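Data block below; observations after.
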Amino acid sequence: MKKKVQRPEEIGGQWLNAMCEVLKGGVLAGVTAILALLICAVLVSVGVVPVGAMYGGVLAVCVLGALTGGAYAVRRVGGRSLLAGLGVGVVLFLLLLTAGLIAYQGASVANGGAGILCACLCGGAIPGLLGRKPKKKHRR
């Protein structure tokens, strides 16, 4: 039985499709994070959640957003699930960093950016770890 040899065009096409799915997952993560932050803002305005707890809420929202976007990307990409999940986390962090830069005319990673980066990466890595296919056991 002959092995199917992949042409370079097929390999490049797979890589391009995977990157598109990671970007779509990042956009889904961003939309989820924005909606969850809107809910958190309403809860703070009503007085249910104190203002001091919002940093933890922002980190939880980052994890939630990266989790949803990472689950989408991992399901669509198939192989290399951890890289797809981490890619979604990086895309979400860059979206949040860009939004902060536009809104405040300056963005500093020192103002809590490291925690947000870790939350985005961990949220993306969870579906990457859980979504991979188990390895086949070889008979001897």
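Scanning region 67-111 for residues that are farther than 19 Å from A18 by Cα and surrounded by fewer than 14 Cβ atoms within 10 Å (Cβ to Cβ) turns up T98, L101, I102, A103, Y104, Q105, G106, S108, V109, A110, N111. Of all the numbered requirements in (1) open to solvent by less than 60 Å² (accessible area, probe 1.4 Å); (2) part of a helix (DSSP H, G or I), V49 misses one, and that requirement is (2).
The values are calculated or read from the model by the stated rules, or taken from the named source; none is laboratory data. It should be emphasised that the depicted structure is a prediction, and the values quoted were computed from it without experimental measurement. Using ideal geometry, Cβ is built from the backbone for each residue, glycine included, and neighbour counts are taken over all protein chains shown. The area values use the complete protein model at the heavy-atom level, side chains included, leaving out ligands, DNA and RNA. Shrake-Rupley method; radii C 1.70, N 1.55, O 1.52, S 1.80 Å.
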